[in-house]
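Report on the structure given below.
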Amino acid sequence: MQINLRPVGTVISKTEDSSEIEIHERFSPGLKGIDKNNIRYIWVLFWMHRLSEDAREILEAHPMGNRAKEKRGVFALRSPMRPNPMGLTRVELVERRDNILVVSGLDALEGSPILDIKPAGSDRRSN
């Protein structure tokens, strides 16, 4: 089976406090309503693009890189070492500017391809 992923956007800037995600124009209609339905939190699925092919073969790691702790399987950890280096983070949607989403709490790196975005739960804005 072959799986083809199409990134819908890219992390274009990252600071300590916030990140900007640019959604590709082709996929920007998918943002309709994201800022009008009082959505406060979203899930961002991204590709950890800096992980080497060798690192993708590592199936056990020390939790949080702490060598004092016994190794665990990567499926039992949030380790970036994975066969398919996909990251998933629940972030706060701070602002939308056309096809740019400003978010807080994203642990993706600048340049990371964004694979998908979904609303997260029922946390709603009060306004």
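Since every read-out is calculated from the coordinates, none of them should be taken as a lab result. Keep in mind it's a predicted model, so treat the numbers as computed, not measured. Because the Cβ atoms are built from the backbone with ideal geometry, glycine has one as well, and the counts that use them run over all protein chains shown.
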### Query
Across the range 100-113, in residue order, what do the Karplus-derived ³J(HN,Hα) couplings come to in whole Hz, using 6.51 cos²θ - 1.76 cosθ + 1.60 with θ = phi - 60° and x for Gly and Pro?
10, 10, 9, 10, 10, x, 6, 9, 7, 8, 4, x, 5, x
### Query
Expressed in nm to one decimal, what extension gain is obtained for the pair GLU25 and ASN4 from 0.36 nm per residue of sequence separation less their Cα-Cα distance?
5.6 nm
### Query
If the label point is 7 Å along Cα→Cβ of LEU51, which residues in the range 1-35 have backbone nitrogen under 16 Å from it?
5
### Task
Would you mind calculating the gained length between SER13 and LYS118 on full extension (0.36 nm times residue separation, minus the Cα-Cα distance), in nm to one decimal?
35.8 nm
#### Entry: Exposure proxy order (Cβ contacts within 10 Å, fewest to most) of LEU101, LEU5
LEU5, LEU101
### Query
Among the aspartates and glutamates, which have Cα under 17 Å from the Cα of LYS71 when same-chain residues fewer than 8 positions away are ignored?
GLU57, GLU60
## Note on the structure
Along the range 11-19, Karplus-curve 3J(HN,Hα) (6.51, -1.76, 1.60; θ = phi - 60°) to the nearest Hz, with x for Gly and Pro, reads 6, 9, 7, 8, 10, 5, 9, 8, 9
### Query
Along the charge dipole of the chain, Cβ charges K/R +1 and D/E -1, which of SER104, ILE39, ILE114 sits furthest on the positive end?
ILE39
### Task
Would you work out the charge dipole size for the chain about its Cα centre, treating the Cβ of every Lys and Arg as +1 and the Cβ of every Asp and Glu as -1, and quote it to the nearest 20 debye?
440 debye
